[in-house]
1. Once you place label points 7 Å from the Cα toward the Cβ at ALA96 and VAL237, how far apart are they in nm?
2. Can you check how the C-alpha radius of gyration of segment 66-195 compares to 2.2 N^0.38 Å, as a plain ratio?
3. Quick one: length gained pulling ILE39 to ASP255 fully straight, 0.36 nm per residue minus the C-alpha distance?
4. Can you pull a Stokes-Einstein diffusion coefficient for segment 180-284 at 37 °C (0.692 mPa s), Rh from Kirkwood over Cα pairs, as a whole number of µm²/s?
5. Using 5 Å bins from zero, what percent of all Cα-Cα pairs in the chain falls into each bin?
6. Relative to the present Cα-Cα distance, how much length would full extension add between LYS55 and LYS12 at 0.36 nm per residue of separation?
7. Tell me which DSSP H helices of the chain clear both cut-offs, 18 Å or more of axial length from alpha-carbon atoms and a mean Kyte-Doolittle hydropathy of at least 1.0.
8. To make sure I understand the rule: partners must be lysines, Cα under 23 Å from the Cα of LYS272, and not fewer than 8 residues away in the same chain. Which ones qualify?
Amino acid sequence: MALVSMNDFLPKAKAGKYAVGQFNMNNLEFAQAIVEAAIELNSPFIYGVSEGALKYMGIEFTVAIAEAAAKKSGLPIALHLDHGSSFEVAMKCIRAGFSSVMFDGSHYSFEENIRLTKEVVKAARAMGVSVEGELGTIGGVEDDISVDEEHANLAKPEEAIRFYEETGVDCLAIAVGTAHGMYAGEPNIHFDIIEAVSKAIPVPVVLHGGSGVPDEMIRKSIAAGVGKINVNTENQVACTESIRAALNKDAKIYDPRKYLTPARSAMIEVVKSKIQLFGSSNQA
Ligand SMILES: [Zn+2]
């Protein structure tokens, strides 16, 4: 199967009240772990690729790995640019074979964000590529982008609804209190914002910073209208902790396969638990 746009599965997710996971790809082992978990549970999923990860892996390898996963699994998989910062980078990804892009114009003014997102939607739609927009600023650290708490602005429902109506995005990330990276305590998720926006627009709301959010909060978010949830940090932690344990156990290890194999297995378990929590098992 070829890579698909998020429109292949997100409308079904919203109607069926479950969420599809975006699991970020940082290298080959991440990609393998994510698709293995999805094969076991027969779930659609999204490979998220940040601009930093794109630089690290190279765009050709990124697309080739995702295409291989789609071909091997037969599952509906979208290859999605995460937090694209410009029209140019979105187009570069689409030309290289991405089936979906996020344009993150949240650091622009509201009107400028609408104007720029509209341009991306117009070009992407012509190529059958789905688009995620962002409104409000999501706090935390992702790649080299750091947003501190006081600059993390919650989305205003009436603005989010107007943003959807003017841009026609296929899903909408809104800042509702989650953050990228690790949480010091529990996040304070504003379910009322999710519900107000989701009720008024036909496309799902996206929850960024899904790592470390308690299961009950995830379930409540989905019930309120979240249809796509992003997870990266939990896989990074599982991967690195597993490698650290393997190296601490045996200082003489030099074959990377000896520590990458358990790291990959640890990530498979993380992704399986998220797919089950999100409710997307057997929805492929
Ligand atoms: Zn994000």
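1. 2.9
2. Working: Rg = 15.4 Å, N = 130, 2.2 N^0.38 = 14.0 Å.
Here the answer is 1.10, to two decimals.
3. 75.0 nm
4. It comes out at roughly 211 µm²/s.
5. Histogram of Cα-Cα distances, whole percents per bin: 1, 6, 13, 17, 20, 18, 13, 6, 3, 1, 1, 0.
6. Fully extending the segment from LYS55 to LYS12 adds 12.2 nm.
7. Within the chain the helices that satisfy the rule are 28-41.
8. Within the straight-line limit of under 23 Å, LYS272 reaches these lysines: LYS12, LYS14, LYS17, LYS71, LYS72, LYS220, LYS228, LYS258.
Bear in mind these aren't lab numbers, they're just calculated from the coordinates by the rules spelled out. On a predicted model such as this, the values are computed, not experimentally measured, just so you know. Cβ: placed from backbone, ideal geometry, glycine included. Neighbour counts: every protein chain shown.
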